[in-house]
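Data first, discussion second: the structure below is written as structure tokens.
The values are calculated or read from the model by the stated rules, or taken from the named source; none is laboratory data. Source: prediction; values computed, not measured. In this analysis, Cβ positions are derived from the backbone assuming ideal geometry, glycine residues included, and neighbour counts consider all displayed protein chains. Note: accessible area is taken over every heavy atom of the protein model, side chains too, but ligands, DNA and RNA are not part of it. Shrake-Rupley method; radii C 1.70, N 1.55, O 1.52, S 1.80 Å.
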Amino acid sequence: MAEILCSTGALIGKGNHRDYHILEKLAGKLACDGYEFMMYSSWYGEWERLADDLEGLGLYMPVLHCDKRIGEAVSQGEDVAEESSEAMEKFRVNCALARRIGAKALVLHLWGGMASDQHFDNNMRAYPRLRDVAEGYGLDLLVENVVCNRENPMKHLVRLAEVYPQAHFVWDTKMAAFHQEETLLYREDYAWLWQQGHIRHYHVNDYDGGYMDWGSLHGDVKPIGAGHIDFDAFFQYIHRIGYDGSFTVEATAFNVEGVVDTEMLNGCFARIRAGLNR
């Protein structure tokens, strides 16, 4: 049966000082099945205490979203090998945290930052090392279709799958829409990506900008219905392929004071359930 998760990144941010303790009081107000825990770079110095506290909450967290800066460091290029080595060490911390909180899968931005996909060969070379580390912790590594400034995410996912047939992905509807790729999965020439089990998870977010509209991308993640993505077509695709795995809502739900709009998030969860149950 499909699981609907809430990204903790939708709840925890600068407005509430990235205080992960708020999960305890919010959990009873959110109609999700569990959480995708978002790791922030500011938490490395206290990650073991973080793990202890999260274990104490007893919340279901089957997915951990890695620190986004890991992929950014990998993208920098061979001239910063020391930074790449540091990225690998931080990745191991993400894996250790994931195992502590009971996660089974890791979401990774394999590329990112200003460098983005401009040195994609570096990202390709790093992938098997990252996957091996994740598997050593009993985790399924899921590469996200992160936005690019050189090529497009679908091109990179296809290349990864062709070179590494066991590669697994998470498909983000917003990221895809940024590149006008949101309907590619519905086409027969890309059907092999789901038929061969490459896509294991979905991020369900809306987008209200145009093609590679950076101004619309940066800022709050939009809830379902706040943009122009055709979610009726998306759920028709989900029904057609018989997918019954997990979905994560990442819509930004906190304001500048850090107050969380649980009603908006619950509306997103309800919209996904309605799409799955029609």
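Just a few scattered comments:
Matching residues to (1) β-branched (Val, Ile, Thr); (2) over 22 Å from residue 111 (Cα atoms):
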position: 173; (1), (2): yes, no
position: 182; (1), (2): no, no
position: 186; (1), (2): no, yes
position: 217; (1), (2): no, no
position: 224; (1), (2): yes, yes
position: 237; (1), (2): no, yes
position: 256; (1), (2): yes, yes
position: 268; (1), (2): no, yes
position: 278; (1), (2): no, yes
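- Just one of the numbered conditions (1) assigned to a helix (DSSP H, G or I); (2) open to solvent by 60 Å² or more (accessible area, probe 1.4 Å); (3) in contact with a helix residue (DSSP H, G or I) (Cβ under 8 Å, 6 or more places away or on another chain) is not true of residue 238: (2).
Conditions tested, residue by residue: (1) out of contact with any His (no Cβ under 6 Å at 6 or more places or on another chain); (2) charged (D, E, K, R); (3) under 15 Å from residue 102 (Cα atoms).
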position: 17; (1), (2), (3): yes, no, no
position: 41; (1), (2), (3): yes, no, no
position: 46; (1), (2), (3): yes, yes, no
position: 58; (1), (2), (3): yes, no, yes
position: 65; (1), (2), (3): yes, no, yes
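- Residue-level check: of (1) surrounded by 15 or more Cβ atoms within 10 Å (Cβ to Cβ); (2) closer than 30 Å to residue 274 by Cα; (3) out of contact with any Asp or Glu (no Cβ under 6 Å at 6 or more places or on another chain), residue 43 misses just (2).
- Complete set of residues in the stretch 174-183 that are touching a residue at least 40 places away in the same chain (Cβ under 8 Å), out of contact with any Gly (no Cβ under 9 Å at 6 or more places or on another chain) and surrounded by 22 or more Cβ atoms within 10 Å (Cβ to Cβ): 182
- Filtered residue count, the stretch 123-138, keeping only those that are buried (at least 21 other Cβ atoms within 10 Å of the Cβ), of a type outside the set (Gly, Ala, Ser) and either outside any helix (DSSP H, G or I) or in contact with an Asp or Glu (Cβ under 8 Å, 6 or more places away or on another chain) (or both): 1
- When every residue of the stretch 240-254 is checked against the conditions, at least one turns out to be touching a residue at least 60 places away in the same chain (Cβ under 8 Å) and charged (D, E, K, R).
- Residues of the stretch 21-34 that are open to solvent by 10 Å² or more (accessible area, probe 1.4 Å) and not β-branched (Val, Ile, Thr): 21, 24, 25, 26, 27, 28, 29, 30, 31, 32, 33.
- Selection within the stretch 160-201 - within 25 Å of residue 130 (Cα to Cα), out of contact with any Asp or Glu (no Cβ under 7 Å at 6 or more places or on another chain) and β-branched (Val, Ile, Thr): 163, 199
- Residue identified as out of contact with any Ser or Thr (no Cβ under 9 Å at 6 or more places or on another chain) and part of a helix (DSSP H, G or I) among 87, 103: 87
- Scanning the stretch 200-216 for residues that are open to solvent by 10 Å² or more (accessible area, probe 1.4 Å) and over 20 Å from residue 149 (Cα atoms) yields a single hit, 200.
- Flag if residue 152 is in contact with a helix residue (DSSP H, G or I) (Cβ under 9 Å, 6 or more places away or on another chain) and among the polar types (S, T, N, Q): no
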